[in-house]
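Notes follow the structure.
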Amino acid sequence: MAFGVYVHIPYCVTKCPYCDFNSHGTGGRFPERDYTDAILGELALYGDVLGRGRLTSIFFGGGTPSLFDPGSIERVISAIFERTGSSGEGVEVSLEVNPKTADLEKLKGLKRAGVNRISVGVQSFTRRKLDFLGRINDPEDSGRILEEVPAAGFTNYSFDLMYGTSGETMAEWEGDLNRALSFPSAHISAYCLTIENGTEFGKLYRAGKLILPPEDSLSEFISYTTAFLESAGYGQYEISNYAKPGYECRHNLLYWRGGDYLGIGAGAHSHLGGSGESGWGRRWANVKNPNSYIKAVSDGKKPVDFSEELERYEAVEDEILMSFRLSEGLDIPALRRKYGVSPDLSRIGYLRDDGFIEISGDRLRLTKKGALLSDEIIVRLVGSLG
Ligand code: SF4
């Protein structure tokens, strides 16, 4: 069975005001050696898990993994290959890069370290949006890095763009999309700015000091983006992700298809499925504070903060929820094979008749109308399981 490893690097130069990831602004000072040792130490605690599947992907996310030296990244990749018994052949190894923290030499070093896919946090090519988002990269960095990534030998790379910023017009967003197409990347992620509790933007928004585009204009941004990128050959395979055929992110597909993965590092999440005989799966999350994480591992303990065994209905609900993010939708026979249940189509026909879901072949998908009520539809699908 396919298996992935996620490695979380929680350090950033500064904290962006919209970000609710487990990331910490450090001004560029962070304990790289101790943290890398802790990652290797944590991997050593999961020999049983690392041996249970066929390694298909590794993903270094953050935070800002590109702050780390390629030598540290290489130590981690080698350890994962060694502990999974993988030769590395055919394994997708992705790493997130902040444009300000990498240059051609570092990118070449990452390539030599075994990284074969780069995901760049560009967000925008305009100064106004980058300033608004509190990003450390400027428009010149955004353009430069997208020339250096292929120059370093990467043929598989992606970059993130963000829309829905305060005062953003469709013309400004179109400018970002047009500029995006001037780079031959085969994958683009386009995210809508969301306001999360606990962030700087969250506080400003609640205080009425942050005005964002109205909700109904956001659906126009999404439709426009999809039409724009699809006409340029990028298929929308997930709500916010577009790729040329064959360049979909394998690691993220593993998440959205309910696969098994081990999350290593501060705050990282893991999921292992079950067959029913010994339960229906388990998920857990690590302690978020990087220093507590390093301390726990150096004490020889698994740095777990939260862990739960899944009931069958929870595992099914998770799987339906994830599959609805994907254009391919829910694979009904696969759900039955895994969990022994599937939605009773005779009891949910009204959802199709009313245009909330569509069923073609073995697949069940949300329509655009259904996506607006996805939580309610999932409840009804789970209620029809038989
Ligand atoms: S660089 Fe990325 S991870 Fe770091 S604070 Fe900004 S959005 Fe969050």
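The values are calculated or read from the model by the stated rules, or taken from the named source; none is laboratory data. Keep in mind that this is a model prediction, so the values were computed, not measured. Here the Cβ positions follow ideal geometry from the backbone for every residue, glycine too, while neighbour counts run over all protein chains shown.
Which of the residues spanning region 313-355 are farther than 20 Å from residue 375 by Cβ and basic (Lys, Arg)? Result: 336, 337, 338. Restricting to region 64-115, and then to whatever is under 23 Å from residue 51 (Cβ atoms) and acidic (Asp, Glu), can you tell me which residue is surrounded by the most Cβ atoms within 10 Å (Cβ to Cβ)? Per the criteria, the residue is 92. Kindly check whether there is at least one residue in region 129-138 that is more than 16 Å from the ligand (Cβ to nearest atom) and farther than 30 Å from residue 300 by Cβ. Within region 129-138 (the criterion being more than 16 Å from the ligand (Cβ to nearest atom) and farther than 30 Å from residue 300 by Cβ), the answer is no, since none of the residues qualifies.
Regarding residue 14, is this residue polar (S, T, N, Q), more than 16 Å from the ligand (Cβ to nearest atom) and either touching a strand residue (DSSP E or B) at 6+ places or on another chain (Cβ under 6 Å) or not in a strand (DSSP E or B) (or both)? Write out each step before concluding.
Details: polar (S, T, N, Q): yes; more than 16 Å from the ligand (Cβ to nearest atom): no; either touching a strand residue (DSSP E or B) at 6+ places or on another chain (Cβ under 6 Å) or not in a strand (DSSP E or B) (or both): yes.
Here the answer is no, as residue 14 does not meet what is asked.
Among residues of region 263-302 being in contact with a Leu (Cβ under 9 Å, 6 or more places away or on another chain) and part of a loop (DSSP other than H, G, I, E, B), the one that is nearest to residue 64 (Cα to Cα) is 268.
The single condition from (1) modelled with pLDDT of 90 or more; (2) within 21 Å of residue 256 (Cβ to Cβ) that residue 354 fails is (2). Elements of the type helices (runs of 4 or more DSSP H) sitting completely within region 59-155 and holding at least 2 residues that are more than 27 Å from residue 254 (Cβ to Cβ): these cover 104-113, 127-132, 139-151.
Applying a threshold of 8 Å to beta carbon distances and a minimum spacing of six or more residues, or different chains, the list of pairs starting in region 249-272 at a residue that is touching a residue at least 24 places away in the same chain (Cβ under 8 Å) and ending at one that is among the basic types (Lys, Arg) and part of a loop (DSSP other than H, G, I, E, B) reads 256/325; 260/52; 266/288; 267/288; 272/52.
The residues listed here are 346, 327, 298; of these, the one that is at pLDDT 95 or above and among the hydroxyl-bearing types (Ser, Thr, Tyr) is 298. Of all residues in region 142-177, those satisfying the criterion of being within 16 Å of the ligand (Cβ to nearest atom) and either surrounded by fewer than 22 Cβ atoms within 10 Å (Cβ to Cβ) or at pLDDT 95 or above (or both) are 145, 158, 159, 160, 161, 162, 163, 164, 165. Taken together, the criteria exclude residue 24 from residues that are under 20 Å from residue 115 (Cβ atoms) and within 16 Å of the ligand (Cβ to nearest atom). Among the residues making up region 191-245, a single one is aliphatic (A, V, I, L, M), without any contact (Cβ under 8 Å) to a residue 12 or more places away in the chain and over 26 Å from residue 24 (Cβ atoms): 227. Would region 187-198 turn up any residue that is in a helix (DSSP H, G or I), of a type outside the set (Ser, Thr, Tyr) and surrounded by 15 or more Cβ atoms within 10 Å (Cβ to Cβ)? Within region 187-198, not a single residue is in a helix (DSSP H, G or I), of a type outside the set (Ser, Thr, Tyr) and surrounded by 15 or more Cβ atoms within 10 Å (Cβ to Cβ).
Across region 107-125, the number of residues qualifying as more than 16 Å from the ligand (Cβ to nearest atom) and closer than 15 Å to residue 141 by Cα comes to 2. Scanning region 38-48 for residues that are in a strand (DSSP E or B), of a type outside the set (A, V, I, L, M) and either out of contact with any Leu (no Cβ under 6 Å at 6 or more places or on another chain) or within 16 Å of the ligand (Cβ to nearest atom) (or both) turns up nothing. Selection of first residues in region 4-28 that are of a type in the set (Lys, Arg) and of second residues that are within 8 Å of the ligand (Cβ to nearest atom), restricted to Cβ pairs under 6 Å at least 6 apart or on distinct chains, gives the following pairs, ordered by first then second residue: 15/25.
Considering region 22-40, the residues that are among the small types (Gly, Ala, Ser) and surrounded by fewer than 20 Cβ atoms within 10 Å (Cβ to Cβ) include one that is nearest to the chain's Cα centre (by Cα), namely 25.
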